[in-house]
Amino acid sequence: MGSLSGESGWVSVRKKPVVVTAMLLTDDYFNRPPDAVQHIPGLRCNPETHEAVIPTLEGDMTAHIGDWIICGVQGEFYPCDPDIFAATYEPAREGDCWLCDGCNRWFPAETERVGHECDLCPECARREAGVEGGE
Ligand SMILES: [Zn+2]
């Protein structure tokens with residue numbers, strides 16, 4: 001598969017497979033926010049309408065119960081309609097991703113894995129180094 005530069009006219013292309021992480025927004029979230037979502041920067045939840053407003057690069061986006069919240073390859077968050085989600089995504093295969101022993105979140109295979117006897121994401125590794133450094 002060569003480079004596409006130099007092509008003229010219409011060519012067939014396909015999206016490269018990427019692994020992202022996603023979480024289904026459920027009713028539960030509004031009763032008891034899971035840790036997985038609490039750290040979404042700037043997330044605002046309305047317990048009355050059960051809407052979650054997520055600031056994105058394209059402006060605020062609103063997620064409703066039943067929507068998926070996706071953490072993209074740049075670490076950005078955005079909501080996804082369940083129909084589009086079902087048509088676009090499938091569970092990642094073994095080897096496509098790995099589980100952080102620190103925060104229990106899944107990361108794509110290409111995310112740097114730190115730690116000696118355990119797998120830590122860069123964020124957890126930093127936190128752990130900070131704790132050790134403070135002693
Ligand atoms: Zn982690």
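If you go through the stretch 74-96 and keep only what is surrounded by 11 or more Cβ atoms within 10 Å (Cβ to Cβ) and touching a residue at least 12 places away in the same chain (Cβ under 8 Å), you end up with Glu76, Phe77, Tyr78, Pro79, Cys80, Asp81, Pro82, Phe85, Tyr89, Ala92, Asp96. Looking at the stretch 97-118, is at least one residue within 11 Å of the ligand (Cβ to nearest atom), among the β-branched types (Val, Ile, Thr) and without any contact (Cβ under 8 Å) to a residue 40 or more places away in the chain? Yes; the residues of the stretch 97-118 include at least one that is within 11 Å of the ligand (Cβ to nearest atom), among the β-branched types (Val, Ile, Thr) and without any contact (Cβ under 8 Å) to a residue 40 or more places away in the chain. The residue that is farthest from Lys16 (Cα to Cα), among those in the stretch 89-106 that are part of a strand (DSSP E or B) and touching a strand residue (DSSP E or B) at 6+ places or on another chain (Cβ under 8 Å), is Leu99.
Residue-level analysis places Pro79 among those that are more than 9 Å from the ligand (Cβ to nearest atom), part of a strand (DSSP E or B) and of a type outside the set (S, T, N, Q).
Considering the stretch 28-72, the residues that are loosely packed, with under 13 Cβ neighbours inside 10 Å, assigned to a loop (DSSP other than H, G, I, E, B) and within 14 Å of the chain's Cα centre (by Cα) include one that is modelled with the lowest pLDDT, namely His39. Exactly one residue out of Arg32, Arg126 is away from the ligand (no atom under 16 Å from the Cβ), without any contact (Cβ under 8 Å) to a residue 24 or more places away in the chain and among the basic types (Lys, Arg): that is Arg32. Thr111 fulfils the conditions (1) more than 13 Å from the chain's Cα centre (by Cα); (2) more than 27 Å from Phe30 (Cα to Cα) except for a single criterion, (1).
The values are calculated or read from the model by the stated rules, or taken from the named source; none is laboratory data. These figures come from a predicted structure and were not determined experimentally. Quick reminder, even Gly has a Cβ in these numbers, built from the backbone with ideal geometry, and neighbours come from all protein chains shown.
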